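Okay, so here's the structure we're looking at.
The values are calculated or read from the model by the stated rules, or taken from the named source; none is laboratory data. Remember, predicted model here, so these are calculated numbers, not experimental data. Don't worry about glycine lacking a Cβ; one is built from the backbone with ideal geometry, like all the others, and counts go over all protein chains shown. Please note that ligands, DNA and RNA were not included when accessible areas were found on the heavy atoms of the full protein model with its side chains. Shrake-Rupley method; radii C 1.70, N 1.55, O 1.52, S 1.80 Å.
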Amino acid sequence: MVTSFKKYQEEYQKSIITPIDFWDHQAQHFVWRRKWDKVLNYDFHKPEVQWFIGGKLNITENCIDRHLPSRAHQTAILWESNDPAEPSRRITYQELAKEVNRVANMLKAHGVFKGDRVCIYMPMVPETAFAILACARIGAVHSVVFAGFSAGSLADRINDCGCKVVLTADGAFRGDKKIELKSIVDEALKNCPSVKTCVVLNRTKLNVTMRAGRDFWWHDQIKTASDFCVAEEMDSEDLLFILYTSGSTGKPKGMVHTCGGYMVYTNYTFKNVFQYKEGQTFWCTADVGWITGHSYILYGPLSAGATTLMFEGVPSWPDMGRFWHVVEKHKVNIFYTAPTAIRSLEKAPLSFVEKYDLSSLQVLGSVGEPINEEAWHWYDKNIGKGKCPIVDTWWQTETGGIMISPLAGITKTKPAFATLPLPGVQPAIMDESGRELTGNLCEGRLAIKFPWPSMARTIYGDHQRFKDTYFSTFPGRYFTGDGCKRDEDGYYRITGRVDDIIIVSGHNLGTAEIESAIDEHSAVCESAVVGFPHDVKGQGVYAFVVTYDPVHEEGHLRNEIKDVVSKIIGPIAKPDKIQFVSGLPKTRSGKIMRRILRKIAEGDVSNLGDTTTLLDPAVVDEIKRGAM
Ligand code: WTA
């Protein structure tokens, strides 16, 4: 553990000068069936990265079994229902072992073996955690799909990696709503030939149709499953999971993470960033359907033997004080959430915060998008009461774990700055011509110069795209897609995406993906989507839409377009603003000038830059006049 800033500096230096020794040492703290022969192989041009080569392990032995002698009766997962009246559940490490093994045996009984892909489309309940760990137990590759995606998005993800089994529930509770998960799965499975089995957890008691031979009830299956299952021996570089993230083109990218490096890195970052101390209760409010949930609800905390809180509900239900109620009820010590949640809670009367005793809190975290200074100060003052360090953690689905962040209580923080790279992380700020900017004060694009253990190894089934997306912009370096500044103290501030990805309420969305959904509406000829600053969501979705015929009822068509997007991608991608235009600003070669649309969407029309190269400059004036 890094326990002081001086130690951080020493450890950082060590990790840069002798990275092999550094990570060799870190990896010793785990249970391996066989030690590695070599720490690292890499070539960022191919690209190829392998860590702890020849090592054999099972991550669940590190997250569960090895804790049993010392903490069998400690709570591993503390679950809080959507409904405050429903009792919480405490799953001890001992119980977790049994439950995970049961689900593992259930999967085996359905013919799932090492290397098979299993799709998990489930609510935030402990069974979802059991399912994820059960896959890891038997060496199956989990592909968790956020239970807010539509049937079409789910089917795309199932088909992309050829899942054999889908684990789901009848429905999910979200505040006062019930989401009909099983019927979404039914719709998706019409087009998923690889799926042989679907196991359904009963959560909401919604009526569902069960297809004989394919669909089974979880509770029936689990009854007969033994609670003993030997963990599969995995190679360090065997696949642990696939997790989809949006890309600049329409198709989502299945990021591939492997067993050894991911385990070592998520554990190291969990302990050091949050300065986790034995006995603390850690609450990460993300959904397990995202990387934050994978790394910091499950693998990081459990590998460290922590108590991790899993919350099924939403921050605003039954009222805007729910998060703080849960903090008080479970005496949460470390609280990790997203700026979008902070901004929405900041808008509620302070009495929702003041009602609760938040004195258990020791560390606060933020993740998912840049946190604005105002939200940072509100969080610091009202939630942390000025005494809890805030860790603004920058990282990505692709990086697997936190990359740039303060260490709680150790690194001096600065609002809106992710501050300094963690040991083992070598950032570089690049200019547009591909030169690295040296010296402290500078701004450019963020790249990483050297591999770290939990980096994604490839995009499932498309290594060329992996190379093109991440390793071609700056040959020999990993390109993050983010803009970044370094200040006079060498602190890093992430300024946002520089590609065609927008982050809406912490969810990454590709503008191309939304455009192709909008274009599915029969009245739409073409569209262009950009982000615009949004008070609560961080960024909102602004769509410029060209229709075949003049629009008579704009409101009606807007709603229809929103429904189409919701149906094709999911409610998270619904445009906030839709402006009907007669044409889009295009270059003579037919490329949409997004720079101009972005400025208009931001409400900054004073200086649109050079528009003389446009095919039809008049269209810009029309768009400016109609801007919303
Ligand atoms: C953004 C989430 C600023 C960034 C873990 C990144 C952030 C993208 C921060 C990845 C932060 C994440 N400050 N921006 N602390 N954390 N981002 O894959 O643009 O869902 O590239 O992973 O979120 O989002 P993803």
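Using the Cβ atoms and a cut-off under 10 Å, what net charge is assigned to the surroundings of G260, where Lys and Arg are +1 and Asp and Glu are -1? Before the final figure, lay out each step's value.
Details: positive: K56; negative: D235, E237, D238.
Result for the local shell: -2.
Evaluate the charge dipole of region 389-439 about its Cα centre and quote only its size in Debye, nearest 20, assuming +1 on the Cβ of each Lys and Arg and -1 on the Cβ of each Asp and Glu. Present the calculation step by step, with values, prior to reporting the outcome.
Details: 3 positive and 5 negative charges, 55 e Å.
Value, rounded to 20: 260 debye.
Reachable lysines from K577, Cα under 22 Å, same-chain residues fewer than 8 places away excluded?
K347, K537, K562, K567, K586, K599, K624
Positive end of the dipole of region 341-469, charges at C-beta (+1 Lys, Arg; -1 Asp, Glu), about the Cα centre: which of C388, H377, Q464 has its Cα farthest in that direction?
Farthest towards the positive pole: C388.
Evaluate the charge dipole of the chain about its Cα centre and quote only its size in Debye, nearest 20, assuming +1 on the Cβ of each Lys and Arg and -1 on the Cβ of each Asp and Glu.
Numbers: 73 positive and 75 negative charges, 240 e Å.
Approximately 1160 debye in magnitude.
Considering only DSSP beta bridges whose two residues both sit in the chain, what percent are antiparallel, to the nearest 5? All intermediate terms of the calculation are to be shown ahead of the outcome.
Details: 60 of 100 bridges.
Roughly 60 percent of the beta bridges in the chain run antiparallel, per DSSP.
S472 versus N159, label points 7 Å from Cα toward the beta carbon: distance in nm?
2.4 nm
What fraction of the DSSP beta bridges in region 488-628 is antiparallel, stated in percent and rounded to the nearest 5? Please report the intermediate quantities before stating the final value.
On the way: 17 of 21 bridges.
Bridges in region 488-628 that DSSP calls antiparallel: roughly 80 percent.
What do you reckon, how do K412, K182, K574, K537 stack up by accessible area (1.4 Å probe), largest on top?
Details: K412 160, K182 0, K574 80, K537 55 Å².
Most to least solvent-accessible, the answer reads K412, K574, K537, K182.
Would you pull out the residues with amide H under 5 Å of D616's amide H, same chain only if 5 or more places away, H placed 1.01 Å from N?
Placed amide hydrogens put K586 under 5 Å from D616.
Please compute the net charge surrounding S344, taking Lys and Arg as +1 and Asp and Glu as -1 over other residues with Cβ under 10 Å from its Cβ.
Numbers: positive: R343, K347, K537; negative: E346, D535.
In short, +1.
Using per-residue counts of other Cβ atoms within 10 Å, averaged over each peptide, order 385-392, 549-556 from highest down. Write out the running numbers ahead of the final one.
Numbers: 385-392: 17.6, 549-556: 9.2.
Top to bottom by mean Cβ count within 10 Å: 385-392, 549-556.
Using a 1.4 Å probe, what is the accessible area per residue for the chain, in Å²?
Working: 23700 Å² over 628 residues.
Result: 38 Å² per residue.
Where does each of 600-606, 244-250, 91-97 land if you order them by average Cβ count within 10 Å, highest first? Could you put the intermediate results ahead of the total?
Working: 600-606: 15.1, 244-250: 18.7, 91-97: 20.9.
Packing proxy ranking, top to bottom: 91-97, 244-250, 600-606.
Counting only helical runs of four or more DSSP H residues, what would the 222 nm mean residue ellipticity of the chain come to if each run contributes -39,500 (n - 2.57) and the total is spread over all its residues? Provide the component values of the computation, followed by the final result.
Values: 20 runs with 178 residues, N = 628.
Per the formula, -8000 deg cm²/dmol.
Report the extension gain between L615 and L68 in nm, rounded to one decimal, defined as 0.36 nm multiplied by the number of residues separating them, less their alpha carbon distance. Write down the numbers at each step before the final one.
Values: separation 547, 0.36 × 547 = 196.92 nm, distance 6.85 nm.
Between L615 and L68, full extension yields 190.1 nm more.
Let's test the formula: R0 of 25 Å, r as the Cβ-Cβ distance of E520 and S582. What FRET efficiency results, to the nearest 0.05? Mind showing how you got there, number by number?
Details: r = 21 Å, r/R0 = 0.83.
So, using R0 = 25 Å, E works out to roughly 0.75.
Count charges around D380 for me, please; just the other residues with Cβ under 15 Å from its Cβ, Lys/Arg as +1, Asp/Glu as -1.
Numbers: positive: R343, K381, K385, K387, K412, K414; negative: E346, E373, E374, D392.
So the surrounding residues net to +2.
Go ahead and run the numbers for FRET between C442 and A212, Cβ-Cβ distance against an R0 of 51 Å, rounding to 0.05.
0.20
Relative contact order of region 501-626, please, whole-number percent, based on alpha carbon pairs below 8 angstrom and at least 6 residues apart.
Values: 197 pairs, mean separation 28.1, N = 126.
Worked out over region 501-626, it gives 22 percent.
Only Cα pairs under 8 Å and at least 6 apart count here; give the relative contact order of the chain as a rounded whole percent. Write out the running numbers ahead of the final one.
Details: 1374 pairs, mean separation 76.6, N = 628.
It rounds to 12 percent for the chain.
Tabulate in residue order the Karplus-calculated ³J(HN,Hα) for region 409-425, using 6.51 cos²θ - 1.76 cosθ + 1.60 with θ = phi - 60°, rounded to whole Hz; enter x for Gly and Pro.
x, 10, 8, 5, 8, 9, x, 6, 10, 6, 6, 10, x, 6, x, x, 9
I'd like the GluC sites (Glu not before Pro) in region 394-443 restricted to DSSP loop residues with at most 11 other Cβ atoms within 10 Å, sorted by number.
Sparse-neighbourhood loop GluC sites (Glu not before Pro): E432.
Give, in nm to one decimal, the length gained when the segment between S566 and E278 is fully stretched (0.36 nm per residue of separation minus the Cα-Cα distance). Write out the running numbers ahead of the final one.
Details: separation 288, 0.36 × 288 = 103.68 nm, distance 4.34 nm.
Stretched fully, the S566-E278 segment lengthens by 99.3 nm.
Mind ordering 126-133, 17-24 by average Cβ neighbours within 10 Å, highest first? Before the final figure, lay out the partial values.
Values: 126-133: 25.0, 17-24: 15.2.
My ranking of the peptides, most packed first, is 126-133, 17-24.
Is the shape of region 501-626 rounded, prolate or oblate, going by the alpha carbon gyration tensor and its root eigenvalues a ≥ b ≥ c, with a/c under 1.5 for rounded and a/b larger than b/c for prolate?
Values: a/c = 1.73, a/b = 1.24, b/c = 1.39.
Because a/c hits 1.5 or more and a/b fails to exceed b/c, region 501-626 counts as oblate.
Summarise the accessible area of the chain (1.4 Å probe, protein heavy atoms) by the percent that is carbon and sulfur.
Numbers: 11820 of 23700 Å².
That fraction is 50 percent.
Take the alpha-carbon centre of region 543-619, take the same for region 126-162, and report the distance between them in whole Å.
Cα centroid to Cα centroid, the span is 34 Å.
What share of the DSSP beta bridges in region 93-232 is antiparallel, in percent to the nearest 5? Working shown, then result.
Numbers: 3 of 19 bridges.
Given both bridge residues lie in region 93-232, the antiparallel proportion sits at roughly 15 percent.
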